[in-house]
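Everything below concerns the one structure shown next.
The values are calculated or read from the model by the stated rules, or taken from the named source; none is laboratory data. Everything quoted here is computed from the prediction, not taken from an experiment. For neighbour counting, all protein chains shown are included, and Cβ atoms are generated from backbone atoms with ideal geometry for every residue, glycine included.
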Amino acid sequence: MSAYLAGLFLSGSLILAIGSQNAFVLKQGLRKSHVFWVCLVCSLSDAALILTGVLGFSVVARHAADIVPIIKYAGALFLFVYGLLHFHAALTKNAAMKDSKIDAPSLKRTLLVCLALTWLNPHVYLDTLLLIGSVSTRFPGQHWLFAAGGITASLAFFFSLGYGARLLLPLFKKPAAWKILDVIVGITMWTIAWQLVWGKSLG
């Protein structure tokens, strides 16, 4: 079980960081909009990345240098536009929680945004493919258990975040709370976009 627990705690510690994907899941949970499918897509995406990192670390490591720059700028552009939309919403919309479902995007559009926030983020590749993949080499013959631990952490986190957001519903009965959330999400998106382009860790 040591390999399973190592994967569980490593993946859990990485995924807890506030990011564009987590902010999106939180907002969908607050709006009660396609929560199950958003959580499922995020969890399955993480599972695919973790398995790729654990099972094919050596291949990924050789090609990561070529892949990351392309994803970095595409992801930064997407995050900038997505953040801009949230700032616009904070300035123009005045809807409370009871109206949130009326303006909710379709399932298709929601999942496309969810996939973009997940797969256009270079940090997710560095975390799952490289970091988790490299640590998994410490458990020869137990890499499946290590991967299972990481996938469990991802599944538990996203569904807890998506459905646990409902505990905050009384607060979001007020339009001002949505404006504040939109500003926070916008700042988060722009901060990550800035780090992708000018951050030393990915430069």
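Among residues of the range 13-47 being among the hydroxyl-bearing types (Ser, Thr, Tyr) and under 12 Å from the mean Cα position of the chain (by Cα), the one that is modelled with the lowest pLDDT is SER20. In the set (1) more than 22 Å from GLY12 (Cα to Cα); (2) of a type in the set (Phe, Trp, Tyr); (3) in contact with a Ser or Thr (Cβ under 8 Å, 6 or more places away or on another chain), PHE158 fails one condition alone, (1).
Within the range 115-129, residues that are closer than 11 Å to SER20 by Cα sit with their Cβ atoms under 6 Å from residues that are of a type outside the set (Phe, Trp, Tyr) and not in a loop (DSSP other than H, G, I, E, B), at 6+ positions apart or across chains, in these pairs: LEU117/SER20; LEU117/GLN21; THR118/GLN21; THR118/SER45; LEU120/ALA74; LEU120/GLY75; ASN121/GLY75.
Please go through the range 1-46 and pick out each residue that is farther than 26 Å from LEU169 by Cα and among the small types (Gly, Ala, Ser). Result: SER2, ALA3, ALA6, GLY7, SER11, SER13, SER45.
Kindly establish whether ALA153 is within 15 Å of the chain's Cα centre (by Cα) and surrounded by 20 or more Cβ atoms within 10 Å (Cβ to Cβ). Spelling it out, ALA153 is indeed within 15 Å of the chain's Cα centre (by Cα) and surrounded by 20 or more Cβ atoms within 10 Å (Cβ to Cβ).
Restricting to the range 69-89, and then to whatever is aliphatic (A, V, I, L, M) and surrounded by fewer than 18 Cβ atoms within 10 Å (Cβ to Cβ), can you tell me which residue is modelled with the lowest pLDDT? Restricting to residues being aliphatic (A, V, I, L, M) and surrounded by fewer than 18 Cβ atoms within 10 Å (Cβ to Cβ), the top hit is ILE70. When the range 1-42 is filtered for residues that are among the small types (Gly, Ala, Ser) and either free of Cβ contacts under 8 Å to residues at least 60 places away in the same chain or out of contact with any Pro (no Cβ under 8 Å at 6 or more places or on another chain) (or both), the ones remaining, listed by number, are SER2, ALA3, ALA6, GLY7, SER11, GLY12, SER13, ALA17, GLY19, SER20, ALA23, GLY29. Selection within the range 26-42: residues that are closer than 21 Å to MET189 by Cα and among the hydrophobic types (A, V, I, L, M, F, W, C). The member of this set that is surrounded by the most Cβ atoms within 10 Å (Cβ to Cβ) is CYS42.
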